[in-house]
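Peer 1: Please read through the structure below; I'll follow up with questions.
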Amino acid sequence: MYTAIETRILMNYQKIICWGDSQTYGARTYGCYPLYLAKILNEKTQYNWQAINFSNNGHTARDLWFRISHELLQIHDVYQACILIGTNDVGVNSSEHLFCEYYRQILSALQINQFHAVYCGVIPPIWPDAHAFFPAETKLRRERFNLLLRQVIEESPIARLVEFPTITADCYVDPVHFNEAGNHLIAESFANAIMNY
């Protein structure tokens, strides 16, 4: 005979994958937004949540496109995902056209693999501070990438745009990496999108 908690874990659960780069990995902090996302969803919904963190430091949309086919083979019983990718594309000045195509094909792969909802984060603000890879011009480049990203998300029947209106420079440890407060705010934005799906 199972206890109420054991029954909840065995029968009443949800899994969600978080794909991304160092912002998802939690570089520069001990926590990461997927950790806090599961915590928030556990507290605010009736489900027991497992967040699966598939992220790699330094990766671009192109890198994720190469990875995702292999990573999809490793999972089952997962129908929702969060994606936070693009900051490194901005930093290395990737082709905007190819960034969009990689992102479009990532969403297509998830749709083919029966994902019901993919929560796509905008590229978070960049706060230049003399960092070699993120000078002042990357702020303008980010705006262009986000405009294109919105168009790609609008085209997909499973994609949902997630914005981060409350995140400020105080939520960062450098131009692009979140501190723990930033990880919490990103998690809260994704959690709100998931709970309002």
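A short reminder: the numbers here are calculations on the coordinates, not readings from a lab. Just so you know, these numbers come straight off a predicted model, no measurement behind them. Methodologically, a virtual Cβ is constructed for each residue, glycine included, from the backbone with ideal geometry; neighbour enumeration extends over all protein chains shown.
Peer 1: Considering each of Ile158, Ile112, Ile167 in turn, give the residue that is crowded, with 17+ Cβ neighbours inside 10 Å and over 17 Å from Pro34 (Cα atoms). Can you show your working first?
Peer 2: On the way: Ile112 fails: crowded, with 17+ Cβ neighbours inside 10 Å; Ile167 fails: over 17 Å from Pro34 (Cα atoms).
Result of the check over Ile158, Ile112, Ile167: Ile158.
Peer 1: Do you know which of the residues in the range 34-52 that are outside any strand (DSSP E or B) and among the β-branched types (Val, Ile, Thr) is surrounded by the most Cβ atoms within 10 Å (Cβ to Cβ)?
Peer 2: Restricting to residues being outside any strand (DSSP E or B) and among the β-branched types (Val, Ile, Thr), the top hit is Ile40.
Peer 1: Please work out if His76 is surrounded by fewer than 18 Cβ atoms within 10 Å (Cβ to Cβ) and in a loop (DSSP other than H, G, I, E, B).
Peer 2: On the way: surrounded by fewer than 18 Cβ atoms within 10 Å (Cβ to Cβ): yes; in a loop (DSSP other than H, G, I, E, B): yes.
Here the answer is yes, as His76 does meet what is asked.
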